[in-house]
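Taking it in order: structure first as C-alpha cells, then the write-up.
Coordinate-derived values only; no laboratory data. What you see is a predicted model; the values in this text were computed from it and never measured. Cβ coordinates were reconstructed from backbone atoms using ideal geometry, including for glycine residues, and neighbour counts include every protein chain displayed.
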Amino acid sequence: MVIIMNPDATTKNIEDVIAVIESTGLTAKVMEGVQQRIVGVIGDKTRLAACAIDAMPGVEQSVAISKSYKLVSREFHPHSSIIDVDGVRIGGDEFVVMAGPCAVESREQLLEAAEIAKQGGAQFLRGGAYKPRTSPYSFQGLEEEGLKYLAEAREKTGLRIVTEVTEVDAVDTVARYADLLQIGARNMQNFRLLKEVGRTEKPVLLKRGLAATLDEWLNAAEYILNEGNPNVIFCERGIRSYETYTRNTLDLSAVAAVKHLSHLPIIVDPSHGTGKWRLVKPMALAAVAAGADGLIMEMHPNPAKALSDGPQSLTPENYNDLMRDVKKLAKFMRDEGIHSIDLA
Ligand code: PEP
Ligand code: MN
C-alpha cells in the first residue's frame, strides 16, 4: 500500500502517518516526488484496517498495491491446485463434466437423467433440490426429498453429486448428501453462507455473481478458504450485460484471468451462461479451448416438460452429441500439448 500525501502536507502530518503505520508493527518508507511525498507501507496492510489513514490531516489517498485476497491468489500459492472430489480430480489433466437437470423434479426424472449423464461420460450428476427462483410462484425444489434421490442416483451410477445450498440452516443437511456444495450466483456474496461452507469438509463450487467483478468473486472464495476449507472450484456462469438475446453474457476471458490470478480450478456453465440450448455446445467447446478445467451443464430427459430452465436444457441426443465433440477436443489438446494458458 502507498499513502499519497497532499502537496501542502506538513512534515508533522507525515510524521503522524508514519507513527500510525509503525504502531501496527509495519514499516514506513517516505518517497520524495517533485510535488508530492508518498509513504510506502511494507508488510501486511490488513493490520491498518482499523486506522482511518485516509482521514488523517495531509493525506490525499491510500492506494492498495497488492490484492485484498491472499489464500486464493497465485502469488501466495504458485502451483495450480487440484481439488479431489471423492476420487475425481478437478484442475489436473482430466476434463471434468457435470450434467443433469436444473432441478430434481421426481425420482424417475432424476434416475433417468443420471443414467443418461453417466452413459455420455459425465463424472458428476447435477440437480438442484433447493432452487433459488426469481419468482416465488416458480417451482422451489423438493428439498431433502430431492437430496435423497440424488444420493440414490449416486448409488446406482457411481456419479459424484453436485447440488446447491441456498441457506445457512441447510448446509449440514446438504453436506450429508452432496459430494460438492454449489453456491449459486445469487449467493456469491452471502458472506454468512460462505463462512458456513468454509467450515465444512466438503469441496465447494462457487458460481460467479450476476454482476460480480473478478475481484469480488475471488474475495468471496477467500471467505471460504479463510475458514479452513481449501477446496474451492470457481464456475463462470455469465454476467449481466445490455444484451437481451442471451440470458447472460458468458465471460470466457474470466477463465484465463482467474487462472492467472488464482491457483484454484475453474469450470464453465454454458447453460446459465447463454440461456439457450442451441448456444450450449459452441460455448462448451470454446470453454475447453479457453483452458477451463470442466463444464457444468443442464440436461433433461424431456426439456419441454422441465419444471425449470427447459429452454437451456439439452435433450439426451444433444447432450451425447456435445459430449462426443467435447471429449474429442479435450483429447486433441492434451495429445498435441496445446495449453491455452501459460502458467509460467
Ligand atoms: C443452477 O446452477 O442451478 C443455478 C441456479 O445457477 P446460477 O446460480 O448460476 O444462476
Ligand atoms: Mn438452472
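Brief remarks on what is shown
- Among 329-341, 145-157, 16-28, the order from most to least packed when residues are scored by Cβ within 10 Å on average: 145-157, 16-28, 329-341
- Residue separation of Glu152 and Val30 scaled by 0.36 nm, minus their Cα-Cα distance, works out to 37.5 nm of gained length.
- Residues Thr11 and Tyr245, FRET efficiency given R0 of 56 Å [Cβ-Cβ distance, rounded to 0.05]: 0.40
- Helix axis angle, 316-336 relative to the chain longest principal axis, alpha carbon, degrees: 50 degrees
- Ordering of 80-89, 204-213 by burial proxy (mean other Cβ atoms within 10 Å per residue, highest first): 204-213, 80-89
- Once the C-beta distance of Lys327 and Asp84 is scaled by a Förster radius of 22 Å, the resulting FRET efficiency is 0.55 to the nearest 0.05.
- Antiparallel %, DSSP beta bridges [both residues in the chain], to 5: 40 percent
- In this label model, Asp172 and Ser68 are separated by 3.2 nm, measuring between points 7 Å along each Cα→Cβ vector.
- 28 Å Cα-Cα threshold exceeded, pairs from Lys29/Lys67; Lys70/Lys276; Lys45/Lys259: Lys70/Lys276
- The chymotrypsin sites (Phe, Trp or Tyr not before Pro) of the stretch 61-107 that meet both conditions, a loop assignment by DSSP and at most 15 other Cβ atoms within 10 Å of the site Cβ, are Phe76.
- Spatially proximal lysines relative to Lys148 (Cα-Cα < 19 Å; intrachain offsets below 8 disregarded): Lys118, Lys131, Lys156, Lys202
- Rounded if a/c under 1.5, otherwise prolate or oblate - the stretch 213-344, Cα gyration tensor axes: oblate
- Percent of alpha-carbon pairs separated by more than 13 Å within the stretch 101-179: 62 percent
- Under the Debye formula (equal points on every Cα, no solvent term), log10 I(q)/I(0) of the chain at q = 0.08, 0.09, 0.10, 0.15 Å⁻¹: -0.44, -0.54, -0.64, -1.17
- Among 282-291, 98-107, sorting by the average number of other beta carbon atoms lying within 10 angstrom of each residue, highest first, gives 98-107, 282-291.
- Kirkwood-type radius of the stretch 2-63, with distances r between different C-alpha atoms, in Å: 11.4 Å
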